[in-house]
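For reference, the structure is listed below as structure tokens.
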Amino acid sequence: MKEKILKKDQVKQLHEDLSRYYSFYAPTKVKGNIVFKKITNPEDIELEYLNSKIPPKEILFPRMETLFSYKIDEKNIEIEPRTDLEEKILIFGVRPCDAYSFSLLETFFNFGQFKDDLFMKKKENTVVIGLACNTPRATCFCTSLDYNGHPHRKDDVDIFLTDLGENYLVNPISETGKAIIDKLAWLSEANNDDLQKAEELSKKAESLISTKLDLQHTAEILDPSFNHPLWKEVSENCLGCGTCTFLCPTCTCFDVVEDVDHYNNRGKRVRIWDTCQFCLYTLETSGHNPRNTKIERCRNRVLHKFNYYPKNYDLIGCVGCGRCIHLCPVNNDLREIIKKINAIKNENKKEEVVVA
Amino acid sequence: MLSPYIPMLTTIKSIVSENGVNDIKTYELVFKNKEDEEKFDYIPGQFAEISLIGKGECPIGIASSPTEKGSIKFTIKKMGTVTSAIHNCEVGDIIGVRGPLGNGWPIEELKGKNIIVIGGGFAFSTLRSLVYYMLHEDNRANFKDITVIYGNRNCSEILYQDDLMKWERMEDIDVALTIDCAEEGWDGRVGFVAPIVEAVSPSPENAVAIVCGPPIMIKTTEDVLDKLNFQPEQILESLEMRMKCGIGKCGRCNIGEKFVCIDGPVFSQAELRKMHGDR
């Protein structure tokens, strides 16, 4: 199927057409921050942005989500499963790294004997329209990641847009994406100049990413490095605020709490985002805490993404969006941590030489 | 797809206080729906998320054996918010159950072996399940000698006294009960679990030792088993950790890349030695 052109002033039209069938989510400005929200007024859509502060995973895995509701009637309890999971969702303007995070989250939530039905159902009903990243941040490092991360990666979306200045180049990717484009008959055809321009922008964007990390051996270097002094060093200035994990597009940890409406004898069991950076996260009723200090907690975050994820799901648990880097209040830089880990390899080698 | 987060509802059929201070009780639960009972197809060593709707959920090992049809049992110590609330429950109250969860004792691997069950204190519930299961007439021939060594601080803390008395009278199981300090009227053994294991001196020949108890008991017992020439592969343990979902999603019960909820809670000592993680 041929590429199309969407004029910038036609985004309104696109919203009008698609929001008839889908709950239309797009980046918008809330209190100065870019976040993904359900859009009712297309004027609110903000596409001139680097990346959203809160990743769009929030749409499929909300900060607070009902697992089920219940009614309590004397000694009787009636459980009410979720009935709102059939909603058709469209997420518009997602950066390639965040689009990949949806695939990664799907792998995680679908893994093993027990599938997370809430996430999976929503994912199944979701259409993703990606938006190429023409100006990566200084903290971006998607091109270092194992998924062939690239500011113009098109693999994880249904439709891919590239900002050409006046217009967006529209690339239909999946069958669903093609069907949607078919319905938008008012889109104009793209010409060779448009394609060429997109190609140039892609190359330029790639060249703008200055960080190149070698992640090939990081997982295996981490294997014997559980007790390495590095963890003390990298956790020293950590405040334990949890920003790096709460705003990470691949973090999935949650707590489960009850939300009870005693006056109406009703309630909900809800899950809320939690983070391994908090000491209460692992605190047991006995008082024992397996991860009692920042050292263990910082180590867990890095190991989870760069050692446990490769072992359990055969992929790195990071998309290279750089949010944990530029939003950290004390400038802890994951890229620097990885460089330090990679340096352990040479350390080990040196030791081997000495022993030999 | 049925949500793995939704509990099945049960009714409390009976409550038995298990100790002198009355902070450990065994709850016998009956499923409200017969179908749920069939769905709850478990083996000894597995656990379930027990919930009091409106209060919360916590993971508890299954104390009954799958050979005891019609109900399931959980022995619950009054510890935190949920377990304290459960302790206020009465017969007829509704309890939610999600499970069975976890791997359980590797029954197939235990077949044809001498089984030494070593328990300390409150951690005897899934061991009760296992012993009950092995002693069932349909299963007894699958296992060789069964030895139970069970220690407590004092005799009022011993769980499942009726079962233990029954087992003590049986021919095809050896039971050694011990308490930490001598008490009037106690004619069993006296001393910590580890030295009693050393005194009983089970042979490692074609044997598996299953150890559950407080950390210090596990440690000292492991040392004794090592001295008796048990290999790390022959020692099984069941771990506990803070959990929320019990199905490998909420994240907190990991030891290294392993989740206690889905990869455990049963691990061999050999596996535990290979696991780098916080616990």
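Among the residues of segment B:181-196, the one identified as among the charged types (D, E, K, R) and either assigned to a strand (DSSP E or B) or surrounded by 16 or more Cβ atoms within 10 Å (Cβ to Cβ) (or both) is B:Arg189.
Quick one: which residue in B:Lys78, B:Lys73 is more than 20 Å from B:Ser238 (Cα to Cα) and either out of contact with any Phe, Trp or Tyr (no Cβ under 6 Å at 6 or more places or on another chain) or not aliphatic (A, V, I, L, M) (or both)?
Details: B:Lys73 fails: more than 20 Å from B:Ser238 (Cα to Cα).
After ruling out the rest, the residue left standing is B:Lys78.
Among the residues of segment B:236-252, those that are more than 8 Å from chain A (Cβ to nearest Cβ) and either closer than 19 Å to B:Val97 by Cα or not in a loop (DSSP other than H, G, I, E, B) (or both) comprise B:Leu236, B:Glu237, B:Ser238, B:Met243, B:Gly246.
Out of all the residues in segment B:159-167, is one or more in a loop (DSSP other than H, G, I, E, B) and not assigned by TED's automatic domain parsing to the domain that holds B:Ser65? Write out each step before concluding.
Applying the first criterion (in a loop (DSSP other than H, G, I, E, B)) to segment B:159-167 yields B:159-160.
This time we only want the ones that are not assigned by TED's automatic domain parsing to the domain that holds B:Ser65, so: B:159-160.
Yes; the residues of segment B:159-167 include at least one that is in a loop (DSSP other than H, G, I, E, B) and not assigned by TED's automatic domain parsing to the domain that holds B:Ser65.
In segment B:168-179, what count of residues is obtained for those that are assigned to a helix (DSSP H, G or I) and surrounded by 13 or more Cβ atoms within 10 Å (Cβ to Cβ)? Full working, then the answer.
So the first thing to find is which residues in segment B:168-179 are assigned to a helix (DSSP H, G or I), and the list is B:168-169.
Those still in the list that are surrounded by 13 or more Cβ atoms within 10 Å (Cβ to Cβ) too: B:168.
Count: 1.
If only residues of segment B:147-158 that are outside any loop (DSSP other than H, G, I, E, B) and of a type outside the set (S, T, N, Q) are counted, the one that is nearest to B:Glu183 (Cα to Cα) is B:Cys155.
Which one is surrounded by the fewest Cβ atoms within 10 Å (Cβ to Cβ) among residues in segment B:94-140 that are within 30 Å of B:Ile53 (Cα to Cα) and more than 14 Å from chain A (Cβ to nearest Cβ)?
Step one: list which residues in segment B:94-140 are within 30 Å of B:Ile53 (Cα to Cα), which gives B:94-105, B:121-130.
Within this subset, residues satisfying the condition of being more than 14 Å from chain A (Cβ to nearest Cβ) are B:105, B:124-130.
Working: B:Trp105: 24, B:Phe124: 28, B:Ser125: 28, B:Thr126: 27, B:Leu127: 27, B:Arg128: 27, B:Ser129: 28, B:Leu130: 28.
Taking the candidates together, the pick is B:Trp105.
Restricting to segment B:1-42, count the residues that are over 21 Å from B:Lys55 (Cβ atoms), at pLDDT 90 or above and assigned to a loop (DSSP other than H, G, I, E, B). The total comes to 5.
Working carefully through the options B:Ser84, B:Ser125, find the one that is in contact (Cβ under 8 Å) with a residue 12 or more places away in the chain and small (Gly, Ala, Ser). Talk me through it step by step, then tell me what you get.
Details: B:Ser84 fails: in contact (Cβ under 8 Å) with a residue 12 or more places away in the chain.
Of the residues listed, the single one that is in contact (Cβ under 8 Å) with a residue 12 or more places away in the chain and small (Gly, Ala, Ser) is B:Ser125.
Summed over segment A:1-26, the residues that are within 20 Å of A:Ile59 (Cα to Cα) and touching a Lys or Arg at 6+ places or on another chain (Cβ under 8 Å) give a count of 6.
Scanning segment A:75-120 for residues that are at the interface with chain B (Cβ under 8 Å from one of its Cβ atoms), among the basic types (Lys, Arg) and crowded, with 16+ Cβ neighbours inside 10 Å yields A:Arg82, A:Lys115.
Would you pick out the residues in segment B:197-206 that are in a helix (DSSP H, G or I) and in contact with a helix residue (DSSP H, G or I) (Cβ under 9 Å, 6 or more places away or on another chain)? Break it down stepwise before answering.
Looking only at segment B:197-206, we keep the residues that are in a helix (DSSP H, G or I), and these are B:197-200.
Across segment B:197-206, the qualifying residues are B:Val197, B:Glu198.
For beta carbons closer than 9 Å, sequence separation of 6+ or different chains, a first residue in segment B:262-279 that is away from chain A (no Cβ under 14 Å) and surrounded by fewer than 17 Cβ atoms within 10 Å (Cβ to Cβ) and a second that is in a loop (DSSP other than H, G, I, E, B) and of a type in the set (S, T, N, Q), the qualifying pairs are B:Ala270/B:Gln231. Within segment B:51-85, the set of residues being within 19 Å of the chain's Cα centre (by Cα), buried (at least 21 other Cβ atoms within 10 Å of the Cβ), among the aliphatic types (A, V, I, L, M) and within 14 Å of another protein chain (Cβ to nearest Cβ) comprises B:Ile60, B:Ile76.
Condition check: of a type outside the set (Lys, Arg), facing chain A (nearest Cβ under 10 Å) and surrounded by fewer than 21 Cβ atoms within 10 Å (Cβ to Cβ). Does B:Ile255 satisfy that? Considered against the rule, which asks whether it is of a type outside the set (Lys, Arg), facing chain A (nearest Cβ under 10 Å) and surrounded by fewer than 21 Cβ atoms within 10 Å (Cβ to Cβ), B:Ile255 comes out as yes. Evaluation of A:Cys276 against the conditions (1) crowded, with 19+ Cβ neighbours inside 10 Å; (2) in contact with a strand residue (DSSP E or B) (Cβ under 6 Å, 6 or more places away or on another chain) shows that the sole unmet condition is (2).
Name the one entry in A:Ile34, A:Ile72 that is in contact with a Phe, Trp or Tyr (Cβ under 8 Å, 6 or more places away or on another chain), surrounded by fewer than 21 Cβ atoms within 10 Å (Cβ to Cβ), in a strand (DSSP E or B) and at pLDDT below 95. Spell out the reasoning first.
Details: A:Ile72 fails: in contact with a Phe, Trp or Tyr (Cβ under 8 Å, 6 or more places away or on another chain).
Of A:Ile34, A:Ile72, the one residue that is in contact with a Phe, Trp or Tyr (Cβ under 8 Å, 6 or more places away or on another chain), surrounded by fewer than 21 Cβ atoms within 10 Å (Cβ to Cβ), in a strand (DSSP E or B) and at pLDDT below 95 is A:Ile34.
The helices (runs of 4 or more DSSP H) found entirely in segment A:233-323 that carry 1 or more residues being in contact with a Lys or Arg (Cβ under 7 Å, 6 or more places away or on another chain) and among the aliphatic types (A, V, I, L, M) are A:294-303. When B:Ser84, B:Ser129, B:Ser156, B:Ser125 are checked against the criterion of being polar (S, T, N, Q) and assigned by TED's automatic domain parsing to the domain that holds B:Ile15, a single residue qualifies: B:Ser84. When segment A:188-225 is filtered for residues that are surrounded by 15 or more Cβ atoms within 10 Å (Cβ to Cβ) and part of a loop (DSSP other than H, G, I, E, B), the ones remaining, listed by number, are A:Ala190, A:Ile209, A:Thr211, A:Leu213, A:Leu215, A:Ser225.
The values are calculated or read from the model by the stated rules, or taken from the named source; none is laboratory data. What you are looking at is a predicted structure, and each value in this text was computed from that prediction instead of being measured. Note: ideal-geometry Cβ built from the backbone for every residue, glycine included; neighbour counts use all protein chains shown.
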